[in-house]
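A short worksheet on the structure shown next.
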Amino acid sequence: MKVSIITLKKERIVDFAKERNLLLEKSDADWILFLDTDEVLSDKLKEEIKNLNPNDEVNGYYIPRRGFVEEKLLRLGRKGAGRWERFVHEVWRVRGKVGYLKNPIIHNEDINILGMVKKANFYSTLHAKANKKENKKATLFKIIFFPIFKFIQTFVKSRHFVFSLMQSFHSFLSWSKLYFLHS
């Protein structure tokens, strides 16, 4: 299977789905694999992708991503089978059958407190705007308790205190900024 790997390298993106869709449209490959700048393919994943049958009925594949938290993300898809949605924490909506790969993308996360605070501030603004567009409302309950739940959820998955604290901080900022967007 021939796959084109696409990585967003533009600085200060404010609509990730739009940028990914532009790259998707420009690609002349039949299959596209999206990576972030801090991600790499494991050798086993490269081999697994090489051995996929491009003629089966699957239009996309979820791939595990390993970092502080392990998750499955739809990152490999047939061109024309779907579009990216939501301008932050974007998702690729692929029509038709979707499969799962077993080997991971490796997420190389760097613990740099200043960088994480800046990133949390930037992404929380985008997240608040996306939530407003989706007609979500910020309440005092969400501002106070969602960050606590986010910390617990992330800490259980990652066992990394600082990373979990930063995820909680991002949640607090997102809901607080949404609250002020509606004021």
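At 0.36 nm per residue, and after removing the present C-alpha to C-alpha distance, how many nm does the segment from Ile13 to Lys102 gain when stretched out fully?
29.0 nm
When you restrict to C-alpha pairs under 8 Å that are six or more residues apart and normalise by the size of the range 3-107, the relative contact order lands at 35 percent. For the chain, calculate the relative contact order in percent as a whole number, restricting contacts to Cα pairs under 8 Å that are 6 or more residues apart. After rounding, I find 21 percent. Other residues within the sphere of radius under 15 Å centred on the Cβ of Phe161, judged by their own Cβ, net out at +2 (K and R +1, D and E -1). About its Cα centre, the dipole of the chain is roughly 600 debye, where the only charges are +1 on Lys and Arg Cβ and -1 on Asp and Glu Cβ. Here the gap between Lys132 and Asn51, fully extended at 0.36 nm per residue and compared with their Cα-Cα distance, gives a gain of 24.9 nm. Look at the dipole of the range 113-181 built from charges on Cβ: of Gln167, Ser124, Phe146, the Cα furthest out on the positive end belongs to Ser124.
With the Cα gyration tensor of the range 3-107 giving a ≥ b ≥ c as the square roots of its eigenvalues, does the rule (a/c under 1.5 for rounded; else a/b larger than b/c for prolate; else oblate) give rounded, prolate or oblate?
The shape class here is oblate.
Rounded, prolate or oblate: which fits the range 113-181, taking a ≥ b ≥ c as square roots of the Cα gyration tensor eigenvalues, rounded meaning a/c under 1.5, else prolate when a/b beats b/c?
In terms of gyration-tensor shape, oblate.
What is the distance in Å between the Cα centroid of the range 122-183 and that of the range 39-77? First find each Cα centre; the distance between them is then 29 Å.
Placing R0 at 35 angstrom, the Cβ-Cβ distance between Asn112 and Leu22 gives a FRET efficiency of 0.75 after rounding to 0.05. Taking Cα atoms only, the orientation of helix 113-133 departs from the longest principal axis of the chain by about 90 degrees.
We did not get these values from a lab; they are worked out from the coordinates using the rules stated. Keep in mind that this is a model prediction, so the values were computed, not measured. Every residue, glycine as well, gets a Cβ built from its backbone with ideal geometry; the counts of neighbours run over all protein chains shown.
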